[in-house]
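The values are calculated or read from the model by the stated rules, or taken from the named source; none is laboratory data. Everything numeric here is computed off the predicted structure, so don't read it as measured data. Using ideal geometry, Cβ is built from the backbone for each residue, glycine included, and neighbour counts are taken over all protein chains shown.
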Amino acid sequence: MAKNELAKAENQLMLSPDQVELIKNTIAVNATDDELKLFLYQAKRTGLDPLTRQIYFVKRMVFNPATNKREGRATIQVSIDGFRVIAERSGKYAGQTAAEWCGEDGQWTSVWLKKEYPAAARVGVYRTDFHDPLYVVAKWDSYVQLKEGKPTSMWGKMPELMLAKVAEALALRKAFPQDLSGLYTTEEMAQAEEPVEARVETRELPAIDEVEPNSTRDAETYPDGDPGSVQYGQEDIYTCTVCDKEITEKVASYSKQKYGKYLCFDDQKKENK
C-alpha cells in the first residue's frame, strides 16, 4: 500500500501522526500496511476509538494446512462497550433487558448464584421501532473458552458475566445489523480461532533469578478478555496452566523442570508452601 493511501486513512480518522504511531506500536503491533489501513478504515466506519480499546487489532497464530505451518492471522475485534456506543449512536437504541441465566432445567433467573456454570444466558434489546425486545440466547457449550478441557481464567472466574456479554453482543448485532454486521467481540471470536499456545516478543529476556514477579502481563488487565494474541517477534511465550497468565519461555522451562507444569511466579510460590 502506498504511503499516501495510509496517510489518507489516518487523516480521515482525524488522528495525529503521534496517535497513529502509538496505534502501530501498542495496538496494531506487527500489522502490515494493508492490515493497518483496514483497521483504521473500520475504526473510522464505526466511529470507535482504538486508543480507548473500543476497537482493537488482534493477530492470532493459527495453523495453515496449506503450508503446514502456524501463521499470523489478523482480525479486528470490538469490545462490548464499543457495541453499546454504536447502538447508542444509531438513534434507535432504546435500552435492553437485564441479563438472565438458566441451568439445564431451562428456568430463567435474573441472578446466577449456583456453583455450576450456567447452561445459557439471554439478553433482549429494545429499538424505538420495535414493539417487543429482541431476545438472543447464548449457550455455554457454544461459547465457553477452554484450555486443556477447562474454562480459561476469566470464564472460570466470572462465567455468568462472560456468557452475558456474548448474549448481549449477539442481541445488539441482530438488532442493528446495518451498524454491527461483520463486527465481533473477543468473547465470540475466541471459539472461531485455534488456541494460541505461544507468542513471540522481540525483547531480550533476563535470567530466571533476575525476573520480578510482576514482569509478566496480567490477562485481567483486559476485562473484556485478552486482545493480545499477537505475533511479536522471535521468542515463544507460554501461559500458566493454573491462572492463564503469560510466562516467558525461560520461566516455562524452569517451572516445567521443577514442578512438572508451566507456572507463573505467583503459582510457583504457592507450590513451595
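Things worth noting here:
- Output for segment 257-270, where each listed residue is surrounded by 11 or more Cβ atoms within 10 Å (Cβ to Cβ) and under 13 Å from T241 (Cα atoms): Y259, K261, Y262, L263, C264, F265, D266, D267, Q268
- Residue match in segment 147-162 (condition: closer than 30 Å to T241 by Cβ, touching a Ser or Thr at 6+ places or on another chain (Cβ under 8 Å) and either not hydroxyl-bearing (S, T, Y) or not assigned by TED's automatic domain parsing to the domain that holds K92 (or both)): yes
- On the stretch given as segment 117-148, residues that are acidic (D, E) and under 24 Å from the mean Cα position of the chain (by Cα) total 2.
- K114 vs. criteria in contact with a Gly (Cβ under 9 Å, 6 or more places away or on another chain) and either closer than 25 Å to G182 by Cβ or in the same structural domain as A175 (by TED's automatic domain parsing) (or both): yes
- Restricting the first member to segment 15-36 and to residues that are closer than 19 Å to S79 by Cβ, and the second to residues that are hydroxyl-bearing (S, T, Y), the beta-carbon pairs closer than 9 Å and six or more apart or on different chains are I27/Y56; A28/Y56; V29/Y232.
- The single condition from (1) touching a strand residue (DSSP E or B) at 6+ places or on another chain (Cβ under 7 Å); (2) aliphatic (A, V, I, L, M); (3) at pLDDT below 95 that L180 fails is (1).
- Residues that are within 23 Å of T185 (Cβ to Cβ), of a type in the set (D, E, K, R) and at pLDDT below 70, drawn from segment 215-273: R217, D218, E220, D224, D226, D244
- Candidates N30, N25 - the one that is assigned to a helix (DSSP H, G or I), polar (S, T, N, Q) and either more than 30 Å from D129 (Cα to Cα) or touching a His at 6+ places or on another chain (Cβ under 6 Å) (or both): N25
- Taken over segment 97-122, residues that are touching a residue at least 24 places away in the same chain (Cβ under 8 Å) and either under 9 Å from E160 (Cα atoms) or touching a Lys or Arg at 6+ places or on another chain (Cβ under 9 Å) (or both) amount to 8.
- Residue ID - nearest to D33 (Cα to Cα), chosen from residues in segment 82-96 that are touching a Leu at 6+ places or on another chain (Cβ under 9 Å) and not aromatic (F, W, Y): G82
- Residue within segment 31-44 that is modelled with pLDDT under 80, surrounded by 16 or more Cβ atoms within 10 Å (Cβ to Cβ), farther than 18 Å from L183 by Cα and not assigned by TED's automatic domain parsing to the domain that holds G182 present: no
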